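The values are calculated or read from the model by the stated rules, or taken from the named source; none is laboratory data. Because the structure is predicted, anything quoted here is derived from the model rather than measured. As a convention, Cβ positions derive from the backbone with ideal geometry for all residues, glycine included, and neighbour counts pool all protein chains shown. In case anyone asks, the SASA skips ligands and DNA or RNA and just uses the protein heavy atoms, side chains included. Shrake-Rupley method; radii C 1.70, N 1.55, O 1.52, S 1.80 Å.
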Amino acid sequence: MIDYTIQMLYQVFSYTEGDPLLFTKISFWIFFAVLLIGYSFVYDRPVVRSAYLLAFSLFFYYKSSGLFFSLLIFSTLCDYIIGFHIPRASSKLKRKLLVSLSVLINLGVLSYFKYAYFYTDIVNSIFGTELKVVNHISVWVNSISGSNFDTASILLPVGISFYTFQTISYTVDVYRNKIPPVKNIIDFAFYVSFFPQLVAGPIVRAAEFIPQLYRKFSLTTREFGHAVFLIIAGLIKKMIISDYISINFVDRVFDSPLSYSGFENLMAVYGYALQIYCDFSGYTDMAIGLAMLLGFRLPINFNSPYKATSISDFWHRWHISLSTWLRDYLYISIGGNRKGAFRTYLNLLVTMILGGLWHGASLRFVVWGAIHGVGLALNKLWSSYFSGFNLSSKTLRNFIGGFLTFQVVSFSWIFFRSESMSDAWKMLNQIVYRFGTSSVVEVVQSYSTVFALILIGFVIHWLPFRTKEWYRGKFIDLNILLKIVVIVIAVIVILQFKTAEIQPFIYFRF
C-alpha cells in the first residue's frame with residue numbers, strides 16, 4: 001500500500017513528456033478542484049492568494065513543460081529586476097539600455113528555441129557550410145547532472161512566445177512611464193505565470209492585471225454563470241467542433257492534398273478556418289472563465305472574426321491581444337503612420353511579416369503574414385483615397401466586404417496550416433485545376449457529418465450579436481439546478497464526440 005501511494009504521488013508530481021495538463025483532460029479538472037478547495041481559505045487575503053495561485057501556476061507549467069519551467073523563472077527574475085531599476089536609472093540613456101537589455105534577453109531566449117534551425121539553414125545556404133544545431137542547455141544539464149537529454153535537437157517550450165511578449169510589454173510600459181514597477185516579486189511572478197492564460201494567451205498587459213492583485217475577491221452570481229457558460233462553450237468549441245472536423249477530415253486532406261479533389265481541398269480550407277477559430281477561441285473562453293472563477297478578469301481575445309468586413313476589421317476581432325501588442329510595441333515603434341503614406345504601408349507589411357514569423361520560423365508564416373500585411377495596406381489605401389466610393393446599400397456593402405475578407409483570410413490559412421510551401425501549392429493546384437465538380441454530391445454524402453458540423457459552426461458564428469447575448473443571458477439566469485442539468489447534458493454530448501487521443505491546442509506549438 002505504501003509503495004502504491006509513493007508511486008501515485010510520483011506520477012502526480014513528476015513531469016511526463018507529451019502529457020501536459022490540458023483543459024480538456026480530467027486530470028486538469030482534478031487539479032482545478034484541488035486548487036479551489038485550498039482557495040476557499042485564502043481568496044480574501046491578497047498576499048496569500050497571490051502566493052497560493054503562484055505555486056499552483058508554477059506546478060501547472062512544470063507539468064506542461066518539465067525542465068523548461070526554469071526558463072519561465074529566468075525570464076521572470078530578469079524582467080522583475082530590470083523593471084525595478086528602470087525608473088531608478090540616473091539618465092535616459094541608462095533607462096534605454098535597461099529596456100533594451102530586457103528586449104535582448106527575452107528575444108534572445110525566444111530566438112534560440114524558436115529560430116535556431118531557421119538561422120542555421122540560412123547560414124548553411126549562404127556560405128555552403130554544414131553547421132548543426134546543438135542544444136547547449138541539454139549539454140550543460142548533462143554535464144552537471146549526468147543525465148542523457150538529447151543534445152541534437154531543440155524543443156520549443158510551451159507558451160514561451162506568450163509569456164515573452166507579456167514580460168517585454170511590462171518593461172517597455174515601465175520605461176514609457178505607463179505603469180510603476182511591481183515591487184513584490186511574488187506579485188510579478190504570479191502575473192507572468194497565471195496558469196489559465198500562461199501557455200496560449202490572451203497576452204495580458206501588466207496595467208490590466210497587476211491592479212487586480214490588490215483588490216478584494218469579487219464574483220457575483222451572474223459572473224459565476226458567465227464563467228461557467230464560457231467554460232462549457234470553450235469545451236464544445238474545442239472537443240465537439242474543432243477536434244472532430246480536424247481528425248475526421250481537415251488533417252487528412254492537408255496531410256495529403258493530392259489524394260483529394262479540389263472540392264475536398266477547398267472544404268478542408270474552410271474547415272480549417274473554423275477549426276483554428278474554435279480551437280483557439282475555445283481555449284480563450286475557458287481561460288477567461290477559469291480566471292473569472294478565481295476573481296480575475298482577462299481581456300477579450302476574439303469577437304466573431306469571420307464577421308469582419310475588411311482585413312483591418314478582422315484584426316480588430318482575431319487574437320486581439322496579439323494584434324494590439326504588435327500595434328503598440330512594434331508598429332508604433334518603427335514609425336506607425338507618422339512618416340508618410342508609403343512608410344505607413346511598409347510598416348504595416350513589416351509588422352505583419354514579423355507577426356507571421358512569431359508563429360514559426362518558416363516561409364509559410366512569412367507568406368501568411370505578408371498576405372495580411374498587403375491586405376491591411378490596401379485597406380488603408382482604399383480608406384484614404386476611395387472612401388467616397390460606397391455602395392448605396394450598407395447591407396450589400398457589408399456582405400461583399402465580408403465575403404471577400406473571408407476568402408482572403410481562408411486563402412492565407414492554406415499557407416499557415418500546410419506542412420510545407422510545396423504542400424500549399426499542391427492544394428491550390430488541386431482547387432484550381434482538379435476541382436472534381438462531378439464528385440461533389442458523393443463527397444458531401446461521404447462526409448455528411450463533418451460538413452454538417454462545419455455548417456452549424458459557421459451558422460452559430462455568424463448569428464447576430466443580440467441572439468448570442470440572448471442565449472448566454474438565458475443560461476446565466478437559470479437557477480443552479482437547471483445549470484447543473486445543462487452542464488451534465490453538455491458533458492455527455494462532449495464525451496460522445498471525444499476523440500480517442502486528446503488533441504493539444506493548436507497554439508501550444510507557437
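Going by the alpha-carbon gyration tensor, a ≥ b ≥ c the square roots of its eigenvalues, is segment 229-348 rounded (a/c under 1.5) or, if a/c is not under 1.5, prolate (a/b greater than b/c) versus oblate?
Values: a/c = 3.03, a/b = 1.23, b/c = 2.46.
It is oblate, given that a/c is not under 1.5 and a/b is not larger than b/c.
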**Prompt:** Just one of (i) 39.1; (ii) 24.4; (iii) 29.9 is mean projected area of the Cα convex hull in nm² calculated from these coordinates, so which is it?
**Reply:** (iii)
**Complete:** Quick shape check on segment 28-68: root eigenvalues a ≥ b ≥ c of the Cα gyration tensor, a/c under 1.5 is rounded, otherwise prolate if a/b tops b/c, else oblate, and it reads oblate
**Prompt:** Of all accessible surface on the chain at a 1.4 Å probe, what whole percent is carbon and sulfur?
**Reply:** 67
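Semi-axes of the equivalent ellipsoid of segment 421-510: what are they in whole Å, largest first, if each equals the square root of 5 times a C-alpha gyration tensor eigenvalue? Before the final figure, lay out the partial values.
Details: eigenvalues 261, 67, 52 Å².
Largest first, segment 421-510 gives 36, 18, 16 Å.
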**Fill in**
Amide H neighbours of Ile179 at under 5 Å, excluding residues fewer than 5 places away on the same chain, with H built from the backbone geometry, are Val174
**Asked** Straight-line reach from Lys96: which aspartates and glutamates have a Cα under 13 Å away, not including same-chain ones fewer than 8 places off?
**Response** Asp173
**Complete:** Over all Cα pairs of segment 285-428, the Kirkwood radius sets Rh, and Rg/Rh then becomes 1.01
**Request:** Could you state how much accessible area Ser310 has, in square angstrom rounded to the nearest 10, with a 1.4 Å probe and all protein chains kept in place?
**Result:** 30
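Expressed in nm to one decimal, what extension gain is obtained for the pair Val42 and Phe342 from 0.36 nm per residue of sequence separation less their Cα-Cα distance?
Working: separation 300, 0.36 × 300 = 108.00 nm, distance 5.54 nm.
That works out to 102.5 nm of additional length.
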**Prompt:** Among Tyr62, Tyr170, Tyr270, Tyr329, what's the order by accessible area (1.4 angstrom probe), most exposed first?
**Reply:** Tyr62, Tyr270, Tyr329, Tyr170
**Rounded FRET efficiency, nearest 0.05, which uses the C-beta distance separating Ser143 from Thr395 and R0 of 60 Å** = 0.35
**Request:** Would you mind checking Lys25/Lys474; Lys114/Lys307; Lys92/Lys178; Lys307/Lys394 for any pair whose Cα atoms are more than 22 angstrom apart?
**Result:** Lys25/Lys474; Lys114/Lys307
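Give me Rg/Rg_expected for segment 355-496, where Rg uses Cα atoms only and Rg_expected = 2.2 N^0.38 Å with N residues. Please list the in-between numbers first.
On the way: Rg = 21.0 Å, N = 142, 2.2 N^0.38 = 14.5 Å.
Here the answer is 1.45, to two decimals.
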**Linear extension gain, Phe435 paired with Tyr471, 0.36 nm per residue minus alpha-carbon span** = 9.0 nm
**Message:** From Cα pairs below 8 angstrom and at least 6 apart in sequence, can you work out the relative contact order of the chain, rounded to a whole percent?
**Reply:** 17
**Cα-projected label distance for Asn177 with Leu155, points at 7 Å along beta-carbon direction, nm** = 4.6
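Give the peptides 315-325, 455-465 in descending order of average Cβ contacts within 10 Å, highest first. If you can, show how the numbers build up before the last one.
Details: 315-325: 20.6, 455-465: 14.0.
Highest to lowest by the protection proxy: 315-325, 455-465.
Can you work out the FRET efficiency for the pair Leu463 and Trp425, with r the C-beta to C-beta distance and R0 = 25 Å, to the nearest 0.05? Could you put the intermediate results ahead of the total?
Numbers: r = 36 Å, r/R0 = 1.43.
Plugging the Cβ-Cβ distance into 1/(1 + (r/R0)^6) gives 0.10.
At 1.4 Å probe size, with every protein chain present, just tell me what the per residue accessible area of the chain comes to in Å². Mind showing how you got there, number by number?
Numbers: 24930 Å² over 510 residues.
On a per-residue basis, 49 Å².
FRET efficiency for Ile489 and Asn184, Cβ-Cβ distance as r, R0 = 41 Å, nearest 0.05? Before the final figure, lay out the partial values.
Details: r = 44 Å, r/R0 = 1.08.
Approximately 0.40, to the nearest 0.05.
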**Complete:** Contact order relative to length for segment 17-101, counting C-alpha pairs under 8 Å separated by 6 or more residues, stands in percent at 23
**Request:** Using only protein heavy atoms and a 1.4 Å probe, report how much of Cys278 is accessible, in Å² to the nearest 10.
**Result:** 10
**Message:** Could you check the spin-label model distance between Leu107 and Leu481? Points 7 Å from the Cα along Cα→Cβ, value in nm.
**Reply:** 6.1
**Message:** Taking the full set of protein chains and a 1.4 angstrom probe, give the accessible area of Arg215 in square angstrom, rounded to the nearest 10.
**Reply:** 130
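Given 0.36 nm per residue, what is the gain on full extension from Ile30 to Ile247 after removing their alpha carbon distance, in nm?
On the way: separation 217, 0.36 × 217 = 78.12 nm, distance 2.67 nm.
Between Ile30 and Ile247, full extension yields an extra 75.4 nm.
Going through the DSSP H helices of the chain, which span 20 Å or more along their own axis at the Cα atoms while scoring at least 1.0 as a mean Kyte-Doolittle hydropathy? Don't skip to the answer; put the middle values down first.
Numbers: long enough: 26-42 (24 Å, 2.25); 46-65 (28 Å, 0.73); 69-85 (25 Å, 1.48); 92-127 (41 Å, 0.75); 160-175 (22 Å, 0.53); 221-235 (21 Å, 1.15); 262-293 (46 Å, 0.74); 341-359 (28 Å, 0.98); 363-385 (32 Å, 0.77); 394-417 (34 Å, 0.72); 480-497 (26 Å, 3.14).
Helix filter hits for the chain: 26-42, 69-85, 221-235, 480-497.
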